[in-house]
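**Student:** So that we are looking at the same thing, I have put the structure below in structure tokens.
What follows draws every value from the coordinates through simple rules; no lab data is involved. Here the structure is a predicted model, which means the values were calculated and not measured. Here the Cβ is made from the backbone with ideal geometry for all residues, glycine too, and neighbour counts use every protein chain on show.
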Amino acid sequence: MRRILCVSAHPDDEAAAYGGSISLYSAQGVHCRLVCLSAGEAARNRGGAADNAALQSLRRAELAHSCKLLGFARHEVWDLPDAHLAEADFYATVGRLVAVIRDHRPDLVLTFGPEGSVTGHPDHAMAGTLATAAFHFAAQQRPFPGTDEQPAFQASRLYYSTAVMQPPDFPKLFLPQPDVAVPVDQFLERKIQAFRCHSTQAPLFERVEKFLRLAGARELFHLASGIPLPAIGAVDDLWAGLEE
């Protein structure tokens with residue numbers, strides 16, 4: 001069975017960044033798993049939550065609904081500090097992600113680039129940095145030795161979610177060059193619906209939906225590491241050039 005692992009920072013990232021691709025590939029029988037590093041308790045929009053614990057509970061439930069709609073077979077939410085991922089223990093967090101990669105054995109790892117994706121959010125940047133380190137270290141005996149239960153494992157490709165434009169009013173960034181354009185036109189409405197599962201973030205709905213529609217019927221990805229893509233022709237499949 002083909003497998004994808006997504007590593008994100010907050011509930012709702014999974015829908016906005018690669019919701020269409022997960023819907024497409026899960027419909028083809030790909031086993032998709034999500035690790036969300038925080039429960040999003042630092043969000044400005046709080047949906048009436050009285051405190052951080054209440055907001056975490058709400059956002060975990062919203063994420064579960066979104067993941068079910070998109071087709072994730074499994075998801076988990078960690079308790080790293082929202083808005084402070086850069087302060088989390090790097091070694092310990094990478095080690096946890098290494099364990100997930102060795103357990104799930106994904107063909108592909110999807111995450112953000114170290115620039116923080118289209119918004120430049122520092123938590124997105126750290127999620128991508130942590131996932132990138134784990135992608136490489138999962139295949140090595142140092143600094144995280146494999147075991148009989150979890151031997152070292154090399155995923156085939158590491159992709160960063162990217163775009164050719166940013167939403168208005170965000171700092172301008174050098175976004176990673178798109179290498180693959182996944183056609184998600186048949187799943188665009190589902191992707192938007194999945195974002196709307198995050199009802200605590202309702203004040204963002206109109207702005208996010210407008211940007212998602214402007215981005216069109218494709219989700220763009222940069223190949224950060226792994227087996228090269230075919231050298232000839234446009235690439236519209238994250239598995240292009242990989243053996244069955």
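**Student:** Restricting attention to the stretch 142-179, which residues are under 19 Å from SER21 (Cα atoms), of a type in the set (Gly, Ala, Ser) and assigned to a loop (DSSP other than H, G, I, E, B)?
**Tutor:** ALA155, SER156, ALA163 - these are the residues of the stretch 142-179 that are under 19 Å from SER21 (Cα atoms), of a type in the set (Gly, Ala, Ser) and assigned to a loop (DSSP other than H, G, I, E, B).
**Student:** Additional query: List the residue pairs whose Cβ atoms are under 6 Å apart, where the first residue sits in the stretch 73-84 and is closer than 16 Å to SER57 by Cβ, the second is among the charged types (D, E, K, R), and the two are 6 or more positions apart or on different chains.
**Tutor:** VAL77/ARG60; ASP82/GLU41
**Student:** Could I ask something else about it? Across the stretch 106-151, which residue is surrounded by the most Cβ atoms within 10 Å (Cβ to Cβ) among those that are more than 19 Å from VAL208 (Cα to Cα), of a type in the set (Ser, Thr, Tyr) and touching a Pro at 6+ places or on another chain (Cβ under 9 Å)?
**Tutor:** Filtering first and then ranking leaves THR132.
**Student:** Residue check: is PRO203 over 20 Å from the mean Cα position of the chain (by Cα) and in a helix (DSSP H, G or I)?
**Tutor:** The answer is yes for PRO203.
**Student:** Next question. What is the one condition in (1) part of a helix (DSSP H, G or I); (2) in contact (Cβ under 8 Å) with a residue 24 or more places away in the chain; (3) surrounded by 19 or more Cβ atoms within 10 Å (Cβ to Cβ) that GLN56 does not satisfy?
**Tutor:** It fails just one condition, (2).
**Student:** Can you pull out the residues in the stretch 174-209 that are of a type in the set (A, V, I, L, M, F, W, C), surrounded by fewer than 16 Cβ atoms within 10 Å (Cβ to Cβ) and in contact (Cβ under 8 Å) with a residue 40 or more places away in the chain?
**Tutor:** Within the stretch 174-209, PHE174, ALA202 meet the criteria.
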